[in-house]
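Worksheet: the structure to be examined is printed underneath.
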Amino acid sequence: MIYFFKLIRWKNLLLIVLAQLLIKYALLEPLKVDYGIDTALTPLGFILLVIATISIAAAGYIINDIEDVEADTINKPESVIIGNHISEKSATNLFIVLNVIGFVSGFLISRAVDKSAFFVLFIITSGLLYLYSTYLKRITLVGNLLIAGLVSLSILLVGIFDLIPVISDGNKSSQLFFLGLIKDYAIFAFMINLLRELVKDIEDTDGDYKMGIQSIPILLGRSRATKLVFILSIIPLLIIIFYLSNNLYKQPLAIGYVLAFIVAPMIYSTIKLFSVTHKKDYKHISTVLKLVMFTGVLSLLLFQFILLK
């Protein structure tokens, strides 16, 4: 069982669940009365949305591991699960079952909010994850952008299913305001995950080269790719600081939290990128960026104090 949880990247799935929970129950539900928000998701509907999201994401991790066995044997042989602990046939069956669970849950929740067309989001996501694993990740930057985009979509889904179906002339401004907040978090998730994907590419250069993947470090070399990612890492830092100065300058609690738990570790990871010397440093930077994602998600807890002041 432990290898199944490792295969589906349970920590990453838990972060997705946490983000969706906090958007629903730390941002939208507590502020419904004060801001006149209407929501479409019942508790059961929200559970179905979470199940659909993490089932399709878990299936994506599985198919990626199936396709990556050869590369992972070079990059991280101690972490290879397919063939060592779980057979390829069993993994393929899990991939199918999880997708079916995701599709059924996605269909039910789309019908429940009276937006049947939204079901296509789950179909497209599953298809893109399969194409990523089998083809798209071999194309320079395309795979990185796709994964970062799908992570941000997992955050947007709560707003799409909870706010959009009940927009009316009377509540339009409130609905769009909170949809905009969720969109800001989705953009943040996109930027951090894109950086993390690029850092992981540098770490995995040897195996990716053998698999014919045209990643940026393979095209440019590790050193140039690291310098490029270093430059790119400055962009989200500047955007976050600009966002703070324009939107939260009157909120010392929010500013203190963001500076201490988001900006500071991002500056640290940027400095590490500038001075990286060993392959293990890239794994460390990747871990720090995942921590930034976690602290970024936790900042959703602050909105009850910020918006109700």
- Among (1) within 16 Å of Phe274 (Cα to Cα); (2) over 20 Å from the mean Cα position of the chain (by Cα); (3) open to solvent by less than 20 Å² (accessible area, probe 1.4 Å), where does Gly207 come up short? (1)
- helices (runs of 4 or more DSSP H) wholly inside the range 1-88 containing at least 1 residues that are of a type in the set (Phe, Trp, Tyr) and farther than 25 Å from Leu136 by Cβ: 2-7, 32-35, 43-67
- Task: Filter the range 68-93 for residues that are touching a strand residue (DSSP E or B) at 6+ places or on another chain (Cβ under 9 Å) and open to solvent by less than 50 Å² (accessible area, probe 1.4 Å) and give the result.
- Result: Asp68, Val69, Asp72, Ala91
- Message: Just to check your reading of the model, which residue among Phe274, Phe261 is over 30 Å from Asp34 (Cβ atoms), in contact (Cβ under 8 Å) with a residue 24 or more places away in the chain and not acidic (Asp, Glu)?
- Response: Phe274
- Task: Tell me which of these Leu298 doesn't satisfy, since it passes every other one: (1) touching a helix residue (DSSP H, G or I) at 6+ places or on another chain (Cβ under 8 Å); (2) open to solvent by less than 80 Å² (accessible area, probe 1.4 Å); (3) free of Cβ contacts under 8 Å to residues at least 60 places away in the same chain.
- Result: (3)
- Message: Can you find a residue that is open to solvent by less than 50 Å² (accessible area, probe 1.4 Å), without any contact (Cβ under 8 Å) to a residue 12 or more places away in the chain and on the phi > 0 side of the Ramachandran plot anywhere in the range 221-237?
- Response: yes
- Message: Testing Ala117 on (1) surrounded by fewer than 20 Cβ atoms within 10 Å (Cβ to Cβ); (2) small (Gly, Ala, Ser); (3) under 20 Å from Val229 (Cα atoms), one condition comes back false. Which one is that?
- Response: (3)
- Item | Leu157 being at pLDDT 95 or above, closer than 22 Å to Val297 by Cα and buried (at least 19 other Cβ atoms within 10 Å of the Cβ) | yes
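Is it the case that Ile187 is open to solvent by 30 Å² or more (accessible area, probe 1.4 Å), more than 27 Å from Ile216 (Cβ to Cβ) and part of a helix (DSSP H, G or I)?
On the way: open to solvent by 30 Å² or more (accessible area, probe 1.4 Å): yes; more than 27 Å from Ile216 (Cβ to Cβ): no; part of a helix (DSSP H, G or I): yes.
Answer is no for this residue.
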- Task: Please give the number of the condition Phe177 fails out of (1) surrounded by fewer than 18 Cβ atoms within 10 Å (Cβ to Cβ); (2) not in a helix (DSSP H, G or I).
- Result: (2)
- Task: Please determine, by comparing only the residues of the range 245-271 that are open to solvent by less than 50 Å² (accessible area, probe 1.4 Å) and more than 22 Å from the chain's Cα centre (by Cα), which one is farthest from Leu198 (Cα to Cα).
- Result: Gln251
- Within the range 1-22, considering residues that are over 13 Å from the mean Cα position of the chain (by Cα) and either modelled with pLDDT of 95 or more or open to solvent by less than 30 Å² (accessible area, probe 1.4 Å) (or both), the one nearest to Leu181 (Cα to Cα): Leu22
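The values are calculated or read from the model by the stated rules, or taken from the named source; none is laboratory data. Predicted model, so just to flag it, every value in this text is computed and none were measured. No Cβ is skipped: glycine too gets one built from the backbone with ideal geometry, and neighbour counts run over all protein chains shown. Ligands, DNA and RNA are stripped out before the accessible areas are found, and what is left, the full protein with its side chains, is counted by its heavy atoms. Shrake-Rupley method; radii C 1.70, N 1.55, O 1.52, S 1.80 Å.
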